[in-house]
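To keep things clear, I will list the structure first and then write my remarks on it.
The values are calculated or read from the model by the stated rules, or taken from the named source; none is laboratory data. Bear in mind the structure is a predicted one, so any value in this text is a computation, not a measurement. No Cβ is skipped: glycine too gets one built from the backbone with ideal geometry, and neighbour counts run over all protein chains shown. With ligands, DNA and RNA removed, areas are computed over all heavy atoms of the protein, side chains included. Shrake-Rupley method; radii C 1.70, N 1.55, O 1.52, S 1.80 Å.
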Amino acid sequence: GAVVSQHPSRVICKSGTSVKIECRSLDFQATTMFWYRQFPKQSLMLMATSNEGSKATYEQGVEKDKFLINHASLTLSTLTVTSAHPEDSSFYICSANREKLFFGSGTQLSVL
Amino acid sequence: RKEVEQDPGPFNVPEGATVAFNCTYSNSASQSFFWYRQDCRKEPKLLMSVYSSGNEDGRFTAQLNRASQYISLLIRDSKLSDSATYLCVVFPNTGNQFYFGTGTSLTVIP
């Protein structure tokens with residue numbers, strides 16, 4: 001069964017709205033979760049590392065005010081895309097480490 | 001230099017063929033290595049871990065060459081269902097971050 005759950009699987013929204021994506025670790029505690037973005041036919045790009053109880057660590061070039069990450073509990077990390085624009089349309093995936101890396105099922109975001 | 005480098009392909013092979021992918025890593029202290037499979041618009045799924053002694057799972061064989069700092073994945077008797085992108089993943093054992101290759105695209109042709 002799934003080790004990491006991600007919701008929603010698909011979002012279509014208007015430009016300017018904010019979108020929240022949830023990532024949950026099932027049956028284990030994840031002090032660290034990872035958020036990735038993937039454009040069509042491109043590789044996974046790490047956006048940020050989410051740390052429970054502290055600030056997320058963002059990769060170079062990723063706007064922390066644009067992509068808000070909250071890791072308020074040991075089983076839940078959220079990514080909020082604020083004021084989404086069409087260029088934010090992408091496939092967003094989270095993952096957590098449990099000896100190996102397990103991924104959520106991904107969220108396809110389409111901003112109109 | 002990238003932490004992990006991988007030939008993006010694409011590899012187009014006929015059914016039944018044997019195909020191999022390589023992946024090099026830059027951190028000689030890396031300890032954990034994995035191959036993941038990703039289908040289009042899906043999340044990556046663990047295919048197999050890579051052990052120092054090499055390991056096999058059915059038609060799939062993974063090997064690690066520490067001296068040359070590369071890992072390989074061999075797929076024998078390719079099936080149509082093997083068509084996917086194969087990602088190598090390296091965990092340096094320092095810090096939390098896993099490092100990904102860009103993925104190698106495989107298409108198995110009837």
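You will find that of A:Glu22, A:Glu99, the residue that is farther than 27 Å from B:Ser105 by Cβ, among the acidic types (Asp, Glu) and at pLDDT below 95 is A:Glu99 and no other.
In the range B:92-110, of all residues being under 27 Å from A:Ala48 (Cβ atoms) and open to solvent by 70 Å² or more (accessible area, probe 1.4 Å), the one that is farthest from the other protein chains (Cβ to nearest Cβ) corresponds to B:Thr94. Evaluated against (1) of a type outside the set (Phe, Trp, Tyr); (2) more than 9 Å from chain B (Cβ to nearest Cβ); (3) surrounded by 15 or more Cβ atoms within 10 Å (Cβ to Cβ), A:Gly104 falls short on exactly one condition, (2). The residues listed here are B:Ala29, B:Ala62; of these, the one that is modelled with pLDDT under 90, small (Gly, Ala, Ser) and either open to solvent by less than 60 Å² (accessible area, probe 1.4 Å) or assigned to a strand (DSSP E or B) (or both) is B:Ala29.
Tell me which residues, restricted to the range A:75-101, are in contact (Cβ under 8 Å) with a residue 24 or more places away in the chain, open to solvent by 50 Å² or more (accessible area, probe 1.4 Å) and closer than 26 Å to B:Val90 by Cβ. Result: A:Asn97, A:Arg98. Checked against (1) away from every other protein chain (no Cβ under 14 Å); (2) under 16 Å from the mean Cα position of the chain (by Cα), B:Ala17 passes all but condition (2).
So, B:Tyr36, is that one within 15 Å of B:Ala20 (Cα to Cα), at the interface with another protein chain (Cβ under 10 Å from one of its Cβ atoms) and crowded, with 17+ Cβ neighbours inside 10 Å or not?
The answer is yes for B:Tyr36.
Any residue at all in the range B:84-91 that's among the hydroxyl-bearing types (Ser, Thr, Tyr), touching a strand residue (DSSP E or B) at 6+ places or on another chain (Cβ under 6 Å), away from every other protein chain (no Cβ under 11 Å) and outside any loop (DSSP other than H, G, I, E, B)? Checked against the condition, which is being among the hydroxyl-bearing types (Ser, Thr, Tyr), touching a strand residue (DSSP E or B) at 6+ places or on another chain (Cβ under 6 Å), away from every other protein chain (no Cβ under 11 Å) and outside any loop (DSSP other than H, G, I, E, B), the range B:84-91 yields at least one hit. The number of residues in the range B:65-83 being part of a strand (DSSP E or B) and open to solvent by 10 Å² or more (accessible area, probe 1.4 Å) comes to 4. B:Ile71 meets the conditions (1) out of contact with any Leu (no Cβ under 8 Å at 6 or more places or on another chain); (2) more than 14 Å from every other protein chain (Cβ to nearest Cβ); (3) aliphatic (A, V, I, L, M) in every case but one. The failed one is (1).
With the requirement that a residue be within 14 Å of chain A (Cβ to nearest Cβ) and over 17 Å from B:Gln69 (Cβ atoms), what does the range B:1-14 give you?
Keep residues of the range B:1-14 that are within 14 Å of chain A (Cβ to nearest Cβ), which gives B:2-10.
Selection gives B:Pro8, B:Gly9, B:Pro10.
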